[in-house]
Amino acid sequence: MFCRNDIKGLLKGRLKCTDGEEKLYYDISSRQSLSTVYEKNNICFSDVKNLFYSWTDAVKEAERYLLNTGFLVCSPEFIYLDPSSKRADWLFYPTDCETDYPEDLSDLAEFLLEKVDHKDADAVDIIYKFYRSQKEGTFLISEMIEMIEAVKTRFGGTEPLEEHEEYIREEFQADFKEPENEVSGSVFQKIGKLFSLKGNGRMGGEKEENHYKKREQYNNLVKEKEMKEKEMREKEDRDLYEPGGVVWQESKTEEKCNNETVLIAAKPEEARELKCIRDGKTYSLKELPVILGKMKGEVDICIEDESVSRMHVRFFESDRKIMMEDLNSKNGSSVNDIDLESHEKVVLCPGDRIRIGLVDFVYN
């Protein structure tokens, strides 16, 4: 039934026989995985809305064709989006196990928690509800849709900022207090503390507007801690030579006393970059991962050329090596005249010639 029909919301699947074995192939043309699209971007309310609407449509269509919705794969790596509309298509993968709904939603829930824009109160509220309900085994997608519909009817999905009351600030500071010289606790630990507030009765009798005040205060605290963590990382980057972890000494050796020999680390290498052969422009690859394509606002390096896909290739670091991955591009990519398959990854070396569509680069 699945392979004989084009079902809205599901990736097209076709059975092909390879080496005497039947395998299921999926068409992901012009789509990117959820994890790739939001690798460096935050998820806002409109993204949440698109994701859960498309999920609902996929479930309804699967049921209409008498397919088991438990075979929908809910991993961020296998949910594919149209980069422009952000509408998702879901992978239907039939197996021998019998289930009425995807058993493990934890990967998706944790991914959304990590990527949610904490300044978007509505997105935060919905994703927290999703995370908590799937963890408790009470998740119903209909409840997510009801929350989204409620947001749509309230000020167009925006929340007015409320003035902070001192007792609320003190309560949150007490719950999230950490030693001054430490920055610890993951986002998920902080989320757990937030839900413990909701579940212990301290918030049960308050009005809804006070609930949003508390959530806004929580978001501010998360932001403050993220800024503190960033400052600490920047300080470490200034003090340490990253490749070997050797302290960089600015002063000369003869200024040192006690007849100690001091290791002077070599200066870090020049920043990694791509140089376009056609016009000589250079593009930094210092802060990885980097996505190259022609879709403004969604890629890190925008190349306005018809042969380049919206999200064409991805540069990233793995085991101290710089790598490039083809993102299912239409016109392909190559390194040193060797073509890459869709989602194939290759290690880059200085001097490599890279072709992206019809645009040539040199990696340095």
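The values are calculated or read from the model by the stated rules, or taken from the named source; none is laboratory data. The structure presented is a predicted model; accordingly, all values stated were derived computationally and were not measured. Here Cβ is always computed from backbone atoms with ideal geometry, including for glycine, and neighbour counts include all displayed protein chains. What goes into the accessible areas is simple: the full protein's heavy atoms, side chains included, and nothing from ligands, DNA or RNA. Shrake-Rupley method; radii C 1.70, N 1.55, O 1.52, S 1.80 Å.
Out of 72, 51, which single residue is under 27 Å from the mean Cα position of the chain (by Cα), among the aliphatic types (A, V, I, L, M) and modelled with pLDDT of 95 or more?
Exactly one residue qualifies, and that residue is 51.
So, in region 325-336, how many residues would count as being open to solvent by 70 Å² or more (accessible area, probe 1.4 Å) and at positive phi?
1
Would you check if there is a residue in region 337-345 being acidic (Asp, Glu), on the phi < 0 side of the Ramachandran plot, within 24 Å of the chain's Cα centre (by Cα) and open to solvent by less than 50 Å² (accessible area, probe 1.4 Å)?
Looking for residues that are acidic (Asp, Glu), on the phi < 0 side of the Ramachandran plot, within 24 Å of the chain's Cα centre (by Cα) and open to solvent by less than 50 Å² (accessible area, probe 1.4 Å), one finds none in region 337-345, hence no.
Would you point out the residue of region 44-53, among those that are in a helix (DSSP H, G or I) and of a type outside the set (Asp, Glu), that is surrounded by the fewest Cβ atoms within 10 Å (Cβ to Cβ)?
Among those that are in a helix (DSSP H, G or I) and of a type outside the set (Asp, Glu), it is 46.
I'm told residue 322 meets every condition in (1) more than 18 Å from the chain's Cα centre (by Cα); (2) open to solvent by 20 Å² or more (accessible area, probe 1.4 Å); (3) β-branched (Val, Ile, Thr) except one. Can you identify the failing condition by its number?
Failing condition for residue 322: (2).
Residues of region 294-305 being out of contact with any Phe, Trp or Tyr (no Cβ under 7 Å at 6 or more places or on another chain) and without any contact (Cβ under 8 Å) to a residue 40 or more places away in the chain, which ones?
Of everything in region 294-305, those that are out of contact with any Phe, Trp or Tyr (no Cβ under 7 Å at 6 or more places or on another chain) and without any contact (Cβ under 8 Å) to a residue 40 or more places away in the chain turn out to be 294, 296, 297, 299, 302, 304.
For residues that are within 23 Å of the chain's Cα centre (by Cα) and open to solvent by less than 10 Å² (accessible area, probe 1.4 Å), tally how many sit in region 54-69.
3
Would you confirm whether or not region 80-103 contains a residue that is modelled with pLDDT of 95 or more, buried (at least 18 other Cβ atoms within 10 Å of the Cβ) and assigned to a helix (DSSP H, G or I)?
Looking through region 80-103, none of the residues is modelled with pLDDT of 95 or more, buried (at least 18 other Cβ atoms within 10 Å of the Cβ) and assigned to a helix (DSSP H, G or I).
Against the definition (more than 23 Å from the chain's Cα centre (by Cα) and not in a loop (DSSP other than H, G, I, E, B)), how does residue 16 come out, yes or no?
It is true that residue 16 is more than 23 Å from the chain's Cα centre (by Cα) and not in a loop (DSSP other than H, G, I, E, B).
Given (1) acidic (Asp, Glu); (2) more than 15 Å from residue 49 (Cβ to Cβ); (3) surrounded by fewer than 13 Cβ atoms within 10 Å (Cβ to Cβ); (4) at pLDDT 50 or above, where does residue 180 come up short, assuming only one miss?
Every listed condition holds for residue 180 apart from (4).
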